[in-house]
There are 2 protein chains.
Amino acid sequence: MASLDDPTPSTIDDPVYRTGVLELLGLLAYGEISACERLAEDAKMAPDLRNKVEIAAMATAEFGHFEKLRDHLVAMGEDPFEVMLPFAATFERFHRQTRPSDWLEGLVKAYVGDGLAADFYREIAAYLDADTRELVLDTLSGTGHSDFVIDAIRGAIDDDHRVGGRLALWGRRLMGEALSQAQMVVAERDALSTVLVGGVDHPGMDLAGIGRMFTRLTEAHAARMDKLGLAA
Amino acid sequence: MASLDDPTPSTIDDPVYRTGVLELLGLLAYGEISACERLAEDAKMAPDLRNKVEIAAMATAEFGHFEKLRDHLVAMGEDPFEVMLPFAATFERFHRQTRPSDWLEGLVKAYVGDGLAADFYREIAAYLDADTRELVLDTLSGTGHSDFVIDAIRGAIDDDHRVGGRLALWGRRLMGEALSQAQMVVAERDALSTVLVGGVDHPGMDLAGIGRMFTRLTEAHAARMDKLGLAA
């Protein structure tokens with residue numbers, strides 16, 4: 001791991017770093033296409049056309065993110081689908097274990113997932129080379145379709161206070177599943193974790209830094225739950 | 001109906017014409033959002049990620065069309081969802097009666113539907129005021145994601161010639177259902193048909209013209225089926 005005196009950023013010419021970046025982009029790209037697919041599925045539970053369109057707009061934004069990541073992978077000379085496929089199982093498992101049972105659960109999942117993904121993108125951006133960082137931050141900047149969720153969830157809790165307790169549990173379960181899948185991905189992928197924790201020749205987070213990152217992600221999640229009127 | 005000597009185009013200030021335009025835009029907007037929804041549903045049958053992404057790209061393009069139509073309706077001071085809702089039954093009926101039973105039927109439906117919609121947009125554009133015409137042509141210009149369908153269908157027929165017969169029947173059924181729904185919509189909506197056939201103070205198609213339009217749409221459909229390697 002590089003010392004603080006020598007924070008030379010990695011370059012994409014370093015083969016281990018390059019592999020790690022490819023894994024990261026494959027992970028993000030599969031995450032986007034899979035979010036797009038699940039949102040489209042959840043849109044079917046929408047109580048009316050207006051709500052359906054709001055969710056479809058989020059799905060479309062995720063697809064736009066996917067396209068940016070895919071085009072970048074193509075520009076790197078890679079087959080984006082080959083790079084993405086290793087992450088299929090992770091996301092299929094996550095979505096299978098967090099299938100919303102109704103429209104409100106779908107909204108909370110969309111909102112929590114969107115926010116968590118944006119936070120994660122922002123956190124990792126600092127450890128990437130300039131090109132990849134720009135891509136990741138650019139991908140991130142397209143989110144923010146989910147504000148309508150706040151009104152919908154708060155309105156549902158006003159109508160029936162028991163909804164708040166059920167959705168608070170649901171939010172905790174979503175966060176727990178997300179963290180557990182994230183841990184598995186990192187544990188299975190040396191190059192990917194090297195991008196985050198640093199390798200012999202480039203700086204990264206140390207273990208305490210990773211701990212602090214998880215604390216920040218968890219705190220931001222709690223703040224989002226609070227905005228929805230839900231206990232984290 | 002205006003004589004050919006006085007082809008003054010209608011203006012949106014004419015209340016009957018305005019109602020007809022609103023109905024037309026509501027019809028198109030519901031068609032787009034409903035196509036987006038069905039494509040997202042059909043994407044689940046995709047044999048692999050690459051094909052899933054191709055269909056998702058078409059769904060996203062339809063959503064982009066919807067957004068343009070919606071924004072235009074908002075700019076006209078209308079609630080887009082109220083304008084769209086009367087056409088829900090038509091599209092739900094169409095999609096219920098043309099539910100693809102497999103991936104290939106889904107592809108043919110996407111291709112045929114995309115092409116037919118584009119042809120119809122182009123046909124009606126001539127009878128609209130300048131603003132609405134620009135919107136309709138602009139909406140149209142975003143399609144064209146469906147070329148990958150040609151290779152997929154031709155490849156499937158090469159693999160198994162019986163597929164061609166089944167999909168040719170399917171294409172005829174799609175066109176039959178589309179025309180029958182279109183006829184019902186026009187029959188039920190006086191203002192909408194006035195936009196097409198013309199009113200006392202603005203030109204439109206005469207009945208022979210409408211007949212010729214249907215002939216052109218049918219011929220273009222046959223050409224598309226031929227591109228797919230299917231008998232129309």
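Each reported figure results from applying straightforward, stated rules to the coordinates on display, with no laboratory input. Since we're looking at a predicted model, the values are computed, not measured. Here Cβ is always computed from backbone atoms with ideal geometry, including for glycine, and neighbour counts include all displayed protein chains.
Ascending distances from the B:Gln97 label point to its copies in the other chains, with the point 7 Å along the Cα-to-beta-carbon line: 4.6 nm.
Between amide H atoms placed 1.01 Å from N, distances below 5 Å from B:Gly198 occur with B:Met205, all of them 5 or more places distant or on a separate chain. Relative contact order for chain A: 31 percent, from Cα pairs under 8 Å spaced at least 6 residues apart, divided by residue count.
With helices as the sole contributors, the protein assembly as shown gives -25000 deg cm²/dmol at 222 nm; each DSSP H run of n ≥ 4 counts as -39500 (n - 2.57), and the sum is divided by every residue. Available extension along the chain between A:Asp160 and A:Ile12 is 48.0 nm, counting 0.36 nm per residue and deducting the alpha carbon span. For segment A:12-67 versus segment B:7-50, the inter-centroid distance based on Cα atoms is 25 Å. For the rotation carrying A onto B, the chain A residue whose Cβ lies nearest the axis, with the distance in whole Å, reads A:Ala40, 2.
For a straight C-alpha distance cut-off of 19 angstrom, the lysines reachable from B:Lys68 (same-chain residues fewer than eight places away being disregarded) are A:Lys52. Annotation: amide H of A:Thr11 has no partner in the under-5 Å range at sequence separation 5 or more or interchain, hydrogens built in the peptide plane.
Each other copy holds its own label point for A:Glu177; taking that point as 7 Å from Cα along Cα to Cβ, the gaps run 3.2 nm, nearest first. Shortest first, A:His161 label-point distances to identical copies amount to 7.4 nm, with the label point at 7 Å from Cα along Cα→Cβ.
Candidates A:Phe91, A:Thr132, A:Phe66 compared by Cα position along the dipole of chain A: farthest toward the positive end lies A:Phe91, with charges placed on Cβ. This model, with +1 at the C-beta of Lys and Arg and -1 at the C-beta of Asp and Glu, gives segment B:24-75 a dipole about its Cα centre of some 40 debye.
Translational diffusion coefficient of the protein assembly as shown (Stokes-Einstein, Kirkwood radius from Cα pairs, 10 °C, 1.306 mPa s): 65 µm²/s. Shown in residue order for segment B:208-224 are the 3J(HN,Hα) couplings computed by the Karplus curve 6.51 cos²θ - 1.76 cosθ + 1.60 at θ = phi - 60°: 5, x, 5, x, 5, 4, 4, 4, 4, 4, 5, 5, 5, 4, 4, 5, 5 Hz (x for Gly and Pro).
Residues within the reach of a label modelled at A:Ala222 (point 7 angstrom out along Cα to beta-carbon, backbone nitrogen below 11 Å), restricted to segment A:142-183: there are none. Need the C-alpha centroid separation for segment A:100-120 versus segment A:161-194, integer Å. Spelled out, the Cα-based centre of one part sits 11 Å from the other. If R0 is 22 Å, what FRET efficiency do you get for B:Asp147 and A:Glu92 from their C-beta distance, rounded to 0.05? According to the calculation, E is roughly 0.15.
How much FRET efficiency would the formula 1/(1 + (r/R0)^6) give for B:Met76 and A:Phe214, where r is the Cβ-Cβ distance and R0 is 51 Å, rounded to 0.05?
Working: r = 50 Å, r/R0 = 0.97.
My answer for the efficiency is 0.55.
Summarising the label geometry, the points placed 7 Å from Cα in the beta-carbon direction at A:Leu85 and A:Leu179 lie 3.4 nm from one another.
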